[in-house]
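K.L.:
Attaching a single structure in structure tokens format; questions to follow.
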Amino acid sequence: MARILVVEDEPALSICLANDLKLEGYEVEVAGDGETAIEKGRQPKFDLILLDVMLPRKDGFEVCRELRRAGVRTPIILLTARTQEAEKVLGLELGADDYVTKPFSPRELRARIKAALRRTAAVVPRTYQFGDVEVDFQRCQLRRRGKAVEVTPLELKLLEAFVCSRGRTLTRAQLLDQVWGPGTFITDRVVDNHITRLRQKIEAPPGEPRYLVSVRGIGDRFDG
Ligand code: CA
């Protein structure tokens, strides 16, 4: 059953939320301020974070930004007050997955939670294994023959894109869109460099790739 971290400083609301979610069968933990939220949110055990915007110590936007910067990929749903229209937009740019405006109906919130959980379950596997490589996308870790290999969040995102489309050839343009985001102006050469570095970390020997293979004139394909 999915575990949800509820971040809300008003006890009446957090108790109400927690009870409602527990009745739905979720496991729930509560954090009452921004710093505790960051500390708990970094733990990989949570499948989703419900994050109030107005919080003591650090607000929800800061929490969201710091978690994403730390490589945490757990889906985040922001809870915003009705008047914070502009903040909602900002929140989505910070890496939140969705938002719900207060006051919300329990039914609406449940639907949003289900949708967010479904999206991540369908797209991003938590961990993936191929050959002697084990990758934990949520913890941002890659191990080869049991030993930790240093990877950048971008290399991991690249690998994730390949894993999610395994068996299909991805073009440079598709990778740019999926990994860097649409409208990013970088050259194909930059994408190539990242792929080369990723190969060095997952292939043995890197010059004869077995998992991340080049498809001449088209792009690259992951066969793991
Ligand atoms: Ca609050």
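The values are calculated or read from the model by the stated rules, or taken from the named source; none is laboratory data. Fair warning: this is a prediction, and the values are worked out from it, not measured in the lab. Every residue, glycine as well, gets a Cβ built from its backbone with ideal geometry; the counts of neighbours run over all protein chains shown. Calculation scope for accessible area: heavy atoms of the full protein, side chains included, ligands and nucleic acids excluded. Shrake-Rupley method; radii C 1.70, N 1.55, O 1.52, S 1.80 Å.
K.L.:
Taking only region 1-53 into account, find how many residues are among the acidic types (Asp, Glu), open to solvent by less than 20 Å² (accessible area, probe 1.4 Å) and in contact with a Pro (Cβ under 7 Å, 6 or more places away or on another chain). Please lay out each step first, then the result.
P.N.:
Start the filter on region 1-53 by keeping residues that are among the acidic types (Asp, Glu), which leaves 8-10, 20, 24, 27, 29, 33, 35, 39, 47, 52.
With the extra rule that they be open to solvent by less than 20 Å² (accessible area, probe 1.4 Å), the set shrinks to 8, 52.
Those left that are additionally in contact with a Pro (Cβ under 7 Å, 6 or more places away or on another chain): none.
Count: 0.
K.L.:
Consider Arg143 against the criteria (1) surrounded by fewer than 17 Cβ atoms within 10 Å (Cβ to Cβ); (2) out of contact with any strand residue (DSSP E or B) (no Cβ under 6 Å at 6 or more places or on another chain); (3) not acidic (Asp, Glu): it satisfies all of them except one. Which criterion is unmet?
P.N.:
(2)
K.L.:
Let me ask something additional. Report, by residue number, each residue of region 1-40 that is among the β-branched types (Val, Ile, Thr) and within 14 Å of the ligand (Cβ to nearest atom).
P.N.:
First, the residues of region 1-40 that are among the β-branched types (Val, Ile, Thr): 4, 6-7, 15, 28, 30, 36, 38.
Those that are among the β-branched types (Val, Ile, Thr) and within 14 Å of the ligand (Cβ to nearest atom): Val6, Val7, Ile15, Val30, Thr36.
K.L.:
Can you confirm whether Glu35 is modelled with pLDDT of 95 or more and either of a type in the set (Lys, Arg) or assigned to a helix (DSSP H, G or I) (or both)? Don't jump to the end; show me each part of the working.
P.N.:
Working: modelled with pLDDT of 95 or more: yes; either of a type in the set (Lys, Arg) or assigned to a helix (DSSP H, G or I) (or both): yes.
Considered against the rule, which asks whether it is modelled with pLDDT of 95 or more and either of a type in the set (Lys, Arg) or assigned to a helix (DSSP H, G or I) (or both), Glu35 comes out as yes.
K.L.:
List, please: which pairs have Cβ atoms under 8 Å, are six or more places apart or on different chains, and start with a residue in region 48-60 that is on the phi > 0 side of the Ramachandran plot and end with one that is open to solvent by 60 Å² or more (accessible area, probe 1.4 Å) and more than 9 Å from the ligand (Cβ to nearest atom)?
P.N.:
Arg57/Glu35
K.L.:
Right, another one. Please go through region 146-155 and give me each residue that is crowded, with 16+ Cβ neighbours inside 10 Å and assigned to a loop (DSSP other than H, G, I, E, B), ordered by number.
P.N.:
Across region 146-155, the qualifying residue is only Val151.
K.L.:
So Cys64 passes all but one of these: (1) open to solvent by less than 60 Å² (accessible area, probe 1.4 Å); (2) more than 29 Å from Gln141 (Cβ to Cβ); (3) part of a helix (DSSP H, G or I). Which condition number does it fail?
P.N.:
(2)
K.L.:
So, one more: If Tyr99 meets every condition in (1) open to solvent by 10 Å² or more (accessible area, probe 1.4 Å); (2) out of contact with any Ser or Thr (no Cβ under 7 Å at 6 or more places or on another chain) apart from one, which number is that one?
P.N.:
(2)
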